[in-house]
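> Handing you a structure now.
No lab work stands behind these numbers, since they all come straight from the coordinates. All figures in this text were calculated on a predicted structure; none of them were measured in a lab. Here the Cβ is made from the backbone with ideal geometry for all residues, glycine too, and neighbour counts use every protein chain on show.
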Amino acid sequence: MATIKGEIHMAVVLSGIGGFLPPRVVTNDDLSATLDTNDEWIRTRTGISERRVVSDGLSTGTLAVEAGARALRSAGVSGVDTVVVATTSPDRLCPAVAPEVASRLGMGPVAAFDLTSACSGFLYGLAASAGLIASGTAESVLFIGSEAFTTLVNQRDRGTAPIFGDGAGAVVLRRGEDDEPGALGPFDLGSDGSLADLLAIPAGGSRQRSADASLGHDSVPTEDWYLRMEGRPLYTQAVERMTQSAQAVLKRTAWSVADVDWFVGHQANVRIVRAVAEELEVPMERVAVNIDRVGNTLSASVPLLLNDIAASGDLKPGDRVLLSAFGAGLSWGSTALVWPDIRAEHVN
């Protein structure tokens with residue numbers, strides 16, 4: 001297991017935010033038409049009522065472009081030095097989607113790359129993007145978490161199909177001052193690769209391709225091309241790791257739980273979010289939730305939730321926000337910031 005506990009010595013400020021969801025809505029009742037499940041079963045176990053799903057050629061890249069454009073409008077800028085996309089469901093295995101996203105946004109020949117860390121991708125990508133600015137490599141970064149992950153989920157598996165949704169959330173980061181609202185606080189990042197098989201897609205990567213080279217792709221069991229998940233141990237790991245990581249950030253910011261106006265946790269399962277909040281002793285009225293209408297959107301989850309509560313007016317300038325996420329890898333991360341005075345567009 002590896003852990004990174006880092007602080008940014010040069011201030012990096014969140015100056016814009018945006019989100020985008022594909023138009024197709026899939027309700028629990030829609031799923032129950034083809035799965036052995038029902039609305040009550042899904043809602044009581046996950047907190048999800050509906051989710052958005054890509055269709056008609058929409059992809060991770062498409063969603064990223066739309067969310068990125070909104071974040072740029074929010075920040076009042078037309079371009080940045082670097083574009084980073086966190087995704088576990090890229091348009092193609094090769095090349096990365098970020099350069100195409102940058103091109104479609106009219107950025108020109110800027111630096112652009114992808115980052116893969118599943119559901120903790122937003123926290124890892126936020127730290128990596130902030131590091132580019134803190135090191136002087138970039139003055140500003142458009143960082144996007146974008147996922148069309150439902151394309152990698154077996155829609156006949158009632159254990160995974162109801163959980164995931166598609167979407168994208170984006171932020172603009174820039175160099176700033178330490179005491180400026182939006183300045184990112186310390187990061188806590190960690191991983192435990194010994195438990196990687198708890199949440200994985202077995203086929204498609206070099207391990208499977210090398211092992212099955214003489215047999216061909218047709219010999220690979222169909223289910224191996226889709227997500228496999230061990231729900232019970234993942235629940236325990238998620239609650240423990242997110243709690244410990246969030247506590248580490250609180251300690252280094254010198255915030256008490258009473259100082260936290262909003263806990264924004266990755267929307268994997270409403271029971272996980274509530275359990276972490278209880279462990280942290282954050283009152284439920286200060287716990288942000290939107291999983292009921294979007295599902296688990298992996299790396300897009302945290303920025304979409306931030307955008308939602310900012311657009312609604314619930315998240316106000318000056319509010320102290322604690323962020324935490326957990327995902328495949330296993331990996332996890334947390335950070336904190338004081339919310340800046342920025343505009344957020346509603347995501348329908």
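> For the range 164-174, in order, what is each residue's ³J(HN,Hα) by Karplus, 6.51 cos²θ - 1.76 cosθ + 1.60 with θ = phi - 60°, in whole Hz (x at glycine and Pro)?
In residue order, the calculated couplings are 9, x, 10, x, 8, x, 9, 9, 9, 10, 9 Hz.
> What's log10 of I(q)/I(0) for the range 68-173 at q = 0.10, 0.18, 0.19, 0.22 Å⁻¹, Debye sum over Cα points only, no solvent?
Summing over Cα pairs of the range 68-173 leads to -0.29, -0.84, -0.91, -1.16.
> Could you give the size of the charge dipole of the range 130-279 about its Cα centre, using +1 on the Cβ of each K and R and -1 on the Cβ of each D and E, expressed in debye and rounded to the nearest 20?
The calculation lands at about 320 debye.
> Also: Is there a quick way to get the dipole size of the chain? I mean about its Cα centre, with the Cβ of Lys and Arg at +1 and of Asp and Glu at -1; what is the value in debye to the nearest 20?
Working: 28 positive and 42 negative charges, 44 e Å.
It comes to approximately 220 debye.
> Using a ≥ b ≥ c from the Cα gyration tensor of the range 232-348 (square roots of the eigenvalues), is it rounded, prolate or oblate, where a/c under 1.5 gives rounded and otherwise the larger of a/b and b/c decides, a/b for prolate?
Working: a/c = 1.78, a/b = 1.17, b/c = 1.52.
It is oblate, given that a/c is not under 1.5 and a/b is not larger than b/c.
> Moving on. Most exposed first by the Cβ proxy, i.e. fewest other Cβ within 10 Å, how do Tyr235, Tyr226 rank? Walk me through the numbers on the way to the answer.
Working: Tyr235 15, Tyr226 20.
Result, fewest neighbours first: Tyr235, Tyr226.
> Could you tell me the relative contact order of the chain? Use alpha-carbon pairs under 8 Å, at least six residues apart, and round to a whole percent.
Values: 879 pairs, mean separation 92.4, N = 348.
Relative contact order of the chain: 27 percent.
> Return the FRET efficiency for the residue pair Met229, Val25: r is the Cβ-Cβ distance, R0 is 30 Å, and the value is rounded to the nearest 0.05.
0.80
> Report the one residue of Gly182, Gly169, Thr151 whose Cα lies farthest in the direction of the positive end of the charge dipole of the range 134-244 (charges on C-beta: Lys and Arg +1, Asp and Glu -1; origin at the Cα centre).
Of the listed residues, the answer is Thr151.
> Shifting gears a bit: So in the range 8-175, what percent of DSSP beta bridges are antiparallel if you round to the nearest 5?
Values: 19 of 29 bridges.
Bridges in the range 8-175 are about 65 percent antiparallel.
> Right, another one. Can you put Cys119, Cys94 in order, fewest other beta carbons within 10 Å first?
On the way: Cys119 30, Cys94 5.
Ascending Cβ contact count within 10 Å gives the list Cys94, Cys119.
> Using θ = phi - 60° and the Karplus curve 6.51 cos²θ - 1.76 cosθ + 1.60, what whole-Hz ³J(HN,Hα) does each residue of the range 30-46 get, with Gly and Pro shown as x?
Listing the rounded values in order: 4, 5, 5, 6, 10, 10, 7, 7, 8, 4, 5, 4, 5, 5, 5, 8, 10 Hz.
> Return the long-range amide H neighbours of Ala138 (sequence gap of 5 or more, or a different chain), with a cut-off of under 5 Å between placed amide H atoms.
Amide H to amide H, under 5 Å and 5 or more residues apart or across chains, Ala138 pairs with Ile133.
> Return the whole-Å distance between the Cα centroid of the range 129-168 and the Cα centroid of the range 230-267.
20
> Still on this structure, I have one more. Quick one: Karplus J couplings for the range 328-335, per residue in order, coefficients 6.51, -1.76, 1.60, θ = phi - 60°, nearest Hz, x for Gly and Pro?
After applying 6.51 cos²θ - 1.76 cosθ + 1.60, I find 4, x, 5, 8, 7, x, 8, 7 Hz.
> Which shape class applies to the range 1-157: rounded if a/c is under 1.5, otherwise prolate when a/b exceeds b/c and oblate if not, where a ≥ b ≥ c are the square roots of the Cα gyration tensor eigenvalues?
Values: a/c = 2.24, a/b = 1.74, b/c = 1.28.
Taking the square roots of the gyration eigenvalues as a ≥ b ≥ c, the range 1-157 is prolate.
> Compute the distance from the alpha-carbon center of the range 178-210 to that of the range 28-51, in whole Å.
So the two Cα centres are separated by 28 Å.
> Another question about this same structure. What is the magnitude of the charge dipole of the range 8-175 about its Cα centre, with +1 placed on the Cβ of each Lys and Arg, -1 on the Cβ of each Asp and Glu, and no other charges, expressed in debye to the nearest 20? Intermediate results must be reported in sequence, preceding the final value.
Values: 13 positive and 16 negative charges, 77 e Å.
The calculated dipole for the range 8-175 is roughly 380 debye.
> With a sphere of radius 11 Å drawn around the Cβ of Glu139, what net charge do the other residues whose Cβ falls strictly inside it have (Lys, Arg +1; Asp, Glu -1)? Walk me through the numbers before you get to the answer.
Details: positive: Arg174, Arg175; negative: Asp81.
That sum, taken over residues with Cβ under 11 Å, equals +1.
> Given the rule -39500 (n - 2.57) for each run of at least 4 DSSP H residues, summed and divided by the residues of the chain, what is its mean residue ellipticity at 222 nm, to the nearest 500 deg cm²/dmol? Numbers along the way, then the final one.
Numbers: 10 runs with 105 residues, N = 348.
When only DSSP H runs of four or more count, the value is -9000 deg cm²/dmol.
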